[in-house]
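Taking it in order: structure first as structure tokens, then the write-up.
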Amino acid sequence: MLNNEIAPHEAFEIHELLQLKNNCALKASNLSGMVADPKLRLILETDLDKTQNQIKDLRGLLQQSEYEIQI
């Protein structure tokens, strides 16, 4: 039988990943406004979209856990 509960150390690791992804999203968002090259802008915007989806997924995992961590 599998245990789907998130352990405290896993919640902490997810929280750290969430902080990293938030920083990446902020940087990609800021840089995309300053980039003139359309290909590079597309890469940054694609990265931002993927990062935002990952942030949603990580928040969902943290909300499933029983541990209260400030997001």
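Read-outs: derived from the displayed coordinates by stated rules, not from any lab. The model shown is predicted, which means the values in this text are computed figures rather than measured ones.
The figures follow:
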{"quantity": "Integer Hz, Karplus 6.51/-1.76/1.60 couplings in order for the range 16-24, x for Gly and Pro", "calculated": "5, 4, 4, 4, 4, 5, 4, 5, 5"}
{"quantity": "222 nm mean residue ellipticity, helices alone, for the chain (DSSP H n ≥ 4; -39,500 (n - 2.57); rounded to 500)", "calculated": "-26000 deg cm²/dmol"}
{"quantity": "Correct option for volume of the Cα convex hull per residue in Å³ [calculated from the coordinates] among [x] 103; [y] 82; [z] 71", "calculated": "[y]"}
{"quantity": "For the range 32-43, 3J(HN,Hα) per residue [Karplus equation, 6.51 cos²θ - 1.76 cosθ + 1.60, θ = phi - 60°, Hz, x = Gly/Pro]", "calculated": "5, x, 9, 8, 8, 6, x, 5, 5, 4, 4, 4"}
